[in-house]
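Reading through the structure tokens given below for one structure.
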Amino acid sequence: YVERIKEVNPLINAVVKDRFEEALQEAQQVDKLLSEGPSDDCLEEKFPLLGVPVTVKEAFSLYGMPNTSGLVNRRNVIATSDATVVSRLKQAGAIPLGVTNCSELCMWYESSNRVYGRTNNPYDLQRIVGGSSGGEGSVLAAACSVIGVGSDIGGSIRMPAFFNGVFGHKPTTGVVPNDGQFPNAHGVRTSYLCTGPMCRYAEDLEPVLRVMAGPGVSKLKLNEKVSLEKIKFHCMDHDGGSIFVSPVDKEILQAQKKVVEHLESDLGVQVQRVAIHKMKYSFQIWSAMMSSKDSEGQEAQRFTDLLGDHGKPVWPLWELVKWLVGMSSHTLPAIALGLTEKLVNLNLSGKAKLVSMGKSLQEEMEALLGPDGVLLYPSHPTIAPKHHSPICMPFNFAYTAIFNVLGLPVTQCPLGLGSEGLPLGIQLVAAAYNDHLTLAVARYLEKAFGGWVVPGKV
């Protein structure tokens, strides 16, 4: 894996800082343990990920590695400890190879920043990798790592997994700890931010999720056997036509149709078509709920304060002027987000209505899915776009973001490559704490549709 990263990273720019020497030493210790140690069964129980290479999104603390989240004024910050999930993976025997790129402050769906530059898609270097866990998506797709640590508050695990043709799981909210990442969620956002696994193979999601969740795994039903024939499948082709979001590409719709046909013919189930009207307002609901007060009346943390990182808050208009003359240390998407944040808070009565609509949508979804339901829904309206183009359609992430504010578990599942050799995929959604259903369907669809495809094969 070290050799593979050295070979392809100059092209994809996914690993932004490596720890190859330490990783190789740790691998030698594993070899020693295996040659001298107890039986394999005993080792497997104690170290379920023994010797498995892992990469970590740079927003998470990994001891001795940078922890900037792409923010220029944090470029000298080095982690002095491990994030909780990183520590758990290490204790399970996994060996970190390094940290991977993300978008500035993890709030954009192109992984590019002024500290490390831009990450490229292994299937087409002119395409984006998604964000904010884009370096992870790219490094896994390029076969440089086995498992990855991602975080997701608006689709930051699932979009990169989709654009790069790998698996990504956003767990039910509150199961996997978010400690040790920057920025971390505060106030109401603690209910929306999720940490989860990204993998090339569907079967790896569950064991990694178990390790990441630690004692929290007891909230999930991962030991329950899933009978696919008994799942109530629902399908929704698009959000109903939001004015803020692109129409869904024909190839994505065709891929979803093939999934429906396969489920019906192979399992003998009836996939129920649904049209949930409120999904049309996904972006507005997410935006309103992200900036609302929590139950104790605490305001959501402002993005402009985060951009300042304990210094002076950033003035987005002034940063825009500086950006136009090449003087800003921030990316254009970050400046634009700072500007839109101010606009959202201008219409407080409209915001309250949208928050209420979000609560009502959550109840509707939970009722629809119940204890045995899975919803098929596009991961994104378009296949991986070209670099910079997300700025023209900034709200397309609404297809993933809505499930963060609804608190539902979602698995992004690859469905092979489209006509341009770019990955296709689908989101599998279940009711809260029913992660075992989406993981089981992902394993099934991987066998049926081939899962991850080596880049450059076509």
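Key figures for this structure:
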read-out: Identity of the residue in segment 171-225, buried (at least 23 other Cβ atoms within 10 Å of the Cβ) and among the small types (G, A, S), that ends up nearest to V129 (Cα to Cα); value: G196
read-out: Single unsatisfied condition, I78 versus (1) on the phi < 0 side of the Ramachandran plot; (2) open to solvent by less than 10 Å² (accessible area, probe 1.4 Å); value: (2)
read-out: Members of segment 117-155 that are in contact with a helix residue (DSSP H, G or I) (Cβ under 8 Å, 6 or more places away or on another chain), open to solvent by 10 Å² or more (accessible area, probe 1.4 Å) and modelled with pLDDT of 95 or more; value: N120, P122, Y123, L125, R127, A143, V146
read-out: Selection from segment 267-280 of residues that are in contact with a Phe, Trp or Tyr (Cβ under 9 Å, 6 or more places away or on another chain) and assigned to a helix (DSSP H, G or I); value: L267, M279
read-out: Matching entry among G326, G311 (being part of a loop (DSSP other than H, G, I, E, B), modelled with pLDDT of 75 or more and not polar (S, T, N, Q)); value: G326
read-out: Single unsatisfied condition, L89 versus (1) closer than 22 Å to T331 by Cα; (2) open to solvent by less than 10 Å² (accessible area, probe 1.4 Å); value: (1)
read-out: Single unsatisfied condition, L253 versus (1) open to solvent by less than 40 Å² (accessible area, probe 1.4 Å); (2) in a helix (DSSP H, G or I); value: (1)
read-out: Selection count where residues are touching a strand residue (DSSP E or B) at 6+ places or on another chain (Cβ under 9 Å) and open to solvent by 10 Å² or more (accessible area, probe 1.4 Å), scope segment 390-406; value: 0
read-out: Selection from segment 425-439 of residues that are buried (at least 24 other Cβ atoms within 10 Å of the Cβ) and either touching a Leu at 6+ places or on another chain (Cβ under 7 Å) or not assigned by the TED database to the domain that holds E110 (or both); value: G425, I426, L428, V429, A430, D435, T438, L439
read-out: Pairs, first in contact (Cβ under 8 Å) with a residue 24 or more places away in the chain and of a type in the set (D, E) in segment 162-189, second open to solvent by less than 30 Å² (accessible area, probe 1.4 Å) and assigned to a loop (DSSP other than H, G, I, E, B), C-beta under 7 Å, six or more apart; value: D179/A83
read-out: Test: residue in segment 226-244 that is touching a residue at least 60 places away in the same chain (Cβ under 8 Å), in a helix (DSSP H, G or I), open to solvent by less than 50 Å² (accessible area, probe 1.4 Å) and in contact with a Cys (Cβ under 7 Å, 6 or more places away or on another chain); value: no
read-out: Contacts under 8 angstrom Cβ, first residue in segment 1-25 being farther than 15 Å from T100 by Cβ, partner assigned to a helix (DSSP H, G or I) and of a type in the set (A, V, I, L, M), 6 or more apart; value: L24/V2
read-out: Lone qualifier among L71, L49, L43, L62 - being aliphatic (A, V, I, L, M) and more than 30 Å from A185 (Cα to Cα); value: L43
read-out: Pick from segment 212-247, criterion over 20 Å from the mean Cα position of the chain (by Cα) and β-branched (V, I, T), ranking: farthest from H169 (Cα to Cα); value: I243
read-out: Evaluation of Y109 against (1) surrounded by 24 or more Cβ atoms within 10 Å (Cβ to Cβ); (2) at pLDDT 95 or above (one fails), failing number; value: (2)
read-out: Residue ID - farthest from the chain's Cα centre (by Cα), chosen from residues in segment 344-383 that are over 30 Å from Q272 (Cβ atoms) and open to solvent by less than 50 Å² (accessible area, probe 1.4 Å); value: G350
read-out: Test for E366: is it modelled with pLDDT of 95 or more, in the same structural domain as D249 (by the TED database), in a helix (DSSP H, G or I) and acidic (D, E); value: yes
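For every residue, the table says whether it meets (1) aliphatic (A, V, I, L, M); (2) closer than 17 Å to L337 by Cβ; (3) in a loop (DSSP other than H, G, I, E, B).
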{"site": "Y109", "(1), (2), (3)": "no, yes, yes"}
{"site": "G131", "(1), (2), (3)": "no, yes, yes"}
{"site": "E136", "(1), (2), (3)": "no, no, no"}
{"site": "S145", "(1), (2), (3)": "no, no, yes"}
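One line per residue, one yes/no per condition, for (1) assigned to a loop (DSSP other than H, G, I, E, B); (2) out of contact with any helix residue (DSSP H, G or I) (no Cβ under 8 Å at 6 or more places or on another chain):
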{"residue": "D41", "(1), (2)": "no, yes"}
{"residue": "P48", "(1), (2)": "yes, no"}
{"residue": "G51", "(1), (2)": "yes, no"}
{"residue": "V56", "(1), (2)": "no, no"}
{"residue": "G70", "(1), (2)": "yes, no"}
{"residue": "V86", "(1), (2)": "no, yes"}
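Residues are listed down the side, and each one gets a yes or a no for (1) at pLDDT 95 or above; (2) over 30 Å from P385 (Cα atoms); (3) hydroxyl-bearing (S, T, Y); (4) within 22 Å of the chain's Cα centre (by Cα):
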position	(1), (2), (3), (4)
A185	no, no, no, yes
K257	yes, no, no, no
D266	yes, yes, no, no
Q284	no, no, no, yes
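The values are calculated or read from the model by the stated rules, or taken from the named source; none is laboratory data. The structure presented is a predicted model; accordingly, all values stated were derived computationally and were not measured. All Cβ positions, even for glycine, are placed from backbone atoms using ideal geometry, and neighbour counts span all protein chains on display. Only protein heavy atoms, including side chains, enter the accessible area calculation; ligands, DNA and RNA are left aside. Shrake-Rupley method; radii C 1.70, N 1.55, O 1.52, S 1.80 Å.
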